[in-house]
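Inspection log for the structure reproduced underneath, given as structure tokens.
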Amino acid sequence: MFRRIAPYGTALVGAVLVTAAIALISIRFQVRGLSAFYLLLVLWLGTTWGRGPAVAGSIAAFLLYDFYFVPPVGTFEVRGQSELLELFVLLAVALVTGQLASSLRRTQSAAEALAADERAMYELATAALRSPEVTAALSLLSERAERLKGVSRFALVAMDFGRAVDLAGGEVTPDELRQAAWSYENGHPVGAAISKGAVTLMRTRPEGGGAAFLPLAGGVVVMRIEADRTDAADLRMLAALIGLAGLLLDRRRAVLEAERARGFEASDRLKAAILSSLSHELKSPIASLRAGLTALTAPQAGLQHEQRELLQDLDGQALKLDRLVGDMLALSRLEAGVELEREPHRFADLVGTALHQLHAELKGRKVKLEIADDLPPVEVDELQVGRVLTNLLENALEWAPSDGGITVGASANENRLTAWVENDGPAIAPTDLDRIFETFWTRRARGSGLGLAISKRVVEAHGGTILAENRRRGPRFTFTLPLARITAAR
């Protein structure tokens, strides 16, 4: 109470002292314009305490000057118009001077507060970004936020691949974690938002006082703010701290994603190495097994017809196993980034080779070609693209009915050739269209799930794309290949 009254008391006492000083000077000297001393007093009051004390000093100066120095002296009456004008000029100049001084004081105070906030923010940001542990830096930031007026809580929750993790600022309840996850997933703040560089409070509950949730790029800020205790400066500082928290959470998420990517890369390398090793180890025994079965089915072996049929079935199963091992070996090489042997080839020749390899399976089937004779050549690895065509044709044979047709087509546009393999038959489930190229995923009861996965990797290794879609007659697989820069030999 005393601090609020003291500036006004100082204004009154100062006006009395200035009046006494003017009286003393007037007794000994005849000096005009001594009322300017009041202006010095008002200026000092405005710069020290603001507009209120300056106005009080102006009014006191007006009354005292009128009472002691304006004839008739000792009364508040004014005899002439010039004396009245002088009094009002004194009052007006005093009020304007006080207002200007008060504005200057507020501007200076705001500048000092802003400079102090910037220094504090710089020191905090430097300490946080230099900290090797992001969690420690976030804890430091939370402590600084909770020192602001009206901020009773400031916790940080990270979203690690869909899972809410309490990082800093005290314990977060399971219910708050669920609310934080909802706020992050929906991108919707609850109870507070940042607008024009400051935190803006929003009442989302009738009773108020609950925790506010503000989603960031890498997590969520959980805070509790007492609206009646905060001011604009604190809300601006709080917004700056939230921005710094967002940077630190982004830094943490980038580190986690890098570690996760390295783990996946190591896992892929290990898987590729195991597949390659197993494939090499199995190739030789399978080749020996097939050679022995072929020898036993020869007439010189002297086996009966039923025994030869059984051995032929076994040889067929060994052939399937050999192809499976070959697919695993091809997949491991593709994932290891084996360089392709690219040469210009006519796409019609590649299709013809694949159809020739499957002539027995395609016997009696309707196969339609939609490939123009003047189609530009493609620059591809003949063996690998032939594997793609074989896999897609086998897939079409698997799902096309016995009386259904298969279409192989291609067209060129700019520097790409777009090819497709389409068959009559049932559509692929919409939920499976994106999964169909995953390794070991298959719709077939006895399929390996490698054919389409290999096809995708071969096409992507050539810089192309492949996709599956449902058309009116049945599924269509479309892929792109690069056109050759020189003409292929016929």
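Summed over region 335-386, the residues that are open to solvent by less than 40 Å² (accessible area, probe 1.4 Å), part of a loop (DSSP other than H, G, I, E, B) and more than 24 Å from E414 (Cα to Cα) give a count of 2. Quick one: is L114 at pLDDT below 75 and touching a Ser or Thr at 6+ places or on another chain (Cβ under 9 Å)? The answer is no for L114.
Within region 369-388, does at least one residue satisfy the condition of being among the polar types (S, T, N, Q) and in contact with a Gly (Cβ under 9 Å, 6 or more places away or on another chain)? No, region 369-388 has no match at all. If you go through region 345-360 one residue at a time, do you hit one that is of a type in the set (A, V, I, L, M, F, W, C), farther than 24 Å from E460 by Cα and over 42 Å from the mean Cα position of the chain (by Cα)? Taking every residue of region 345-360 in turn, at least one turns out to be of a type in the set (A, V, I, L, M, F, W, C), farther than 24 Å from E460 by Cα and over 42 Å from the mean Cα position of the chain (by Cα). None of I486, I466, I436 is crowded, with 19+ Cβ neighbours inside 10 Å and modelled with pLDDT under 90 except I436.
Considering L40, L12, L17, the condition of being closer than 20 Å to L104 by Cα, open to solvent by 40 Å² or more (accessible area, probe 1.4 Å) and of a type in the set (A, V, I, L, M, F, W, C) is satisfied by L40 alone.
The values are calculated or read from the model by the stated rules, or taken from the named source; none is laboratory data. What you see is a predicted model, and the numbers here were worked out from it, not measured in a lab. FYI the Cβ positions are ideal-geometry reconstructions off the backbone, even for glycines, and counts take in every protein chain you see. Protein only, heavy atoms only, side chains kept; ligands, DNA and RNA dropped before computing areas. Shrake-Rupley method; radii C 1.70, N 1.55, O 1.52, S 1.80 Å.
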